[in-house]
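The structure appears below as structure tokens.
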Amino acid sequence: MYPQIRISHTIRELLRCPICHAKLKYMGINLECKNSECATHFPIEDGIPVLINEQSSVFSIEDFISHRKTFFANINENKLKKYVRYLIPKISNNIQRLPVRSLHGSLRM
Ligand SMILES: [Zn+2]
């Protein structure tokens with residue numbers, strides 16, 4: 001039995017080969033690139049085409065077929081939190097430092 005593709009015909013018509021950007025042909029069990037020089041086959045997993053260019057992706061088609069974790073699977077949560085904190089600027093960076101008038105009337109920065 002062929003897997004059912006769970007995307008509309010309209011969307012299916014818009015799908016392109018991730019390698020050469022040619023149109024794809026629905027072959028029942030997979031999608032095939034219509035470019036004869038490429039002719040790559042892409043599986044349909046759980047009704048969703050797995051359109052990955054394995055040469056430019058950190059994921060492989062096998063990752064999705066085997067239902068492996070593909071989102072930060074190998075990153076320790078503490079390392080992830082530290083990295084996110086590193087990327088986000090401190091809120092104090094948005095506060096402009098204003099001169100403060102002392103009790104004696106002089107300005108200091
Ligand atoms: Zn192609």
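Quick note: the coordinates plus some simple rules give every number you see, no bench work behind them. The model shown is predicted, which means the values in this text are computed figures rather than measured ones. Ideal geometry is used to build each Cβ from the backbone, glycine not excepted, and the neighbour counts take in all protein chains shown.
Here are the numbers:
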| item | result |
| --- | --- |
| For the range 9-65, alpha-carbon Rg over 2.2 N^0.38 Å | 1.05 |
| Amide hydrogen neighbours beyond the local backbone of GLU45, cut-off 5 Å, H modeled | VAL50 |
| Cut-off 20 Å (backbone N to label point 7 Å along Cα→Cβ of GLU13), residues of the range 41-60 | 49 |
| Note, ³J(HN,Hα) from phi for the range 21-27, Karplus 6.51, -1.76, 1.60, rounded to Hz, x at Gly and Pro | 6, 7, 5, 10, 10, 6, 10 |
| FRET E, pair HIS41, LYS82, Förster distance 41 Å, beta-carbon r, rounded to 0.05 | 0.50 |
| Calculated from backbone phi, Karplus (6.51, -1.76, 1.60) coupling profile of the range 29-38 in Hz, x at Gly/Pro | 9, 7, 10, 10, 5, 6, 6, 5, 6, 8 |
| Residues whose placed amide H lies under 5 Å from that of ALA22, excluding near-sequence neighbours | CYS17 |
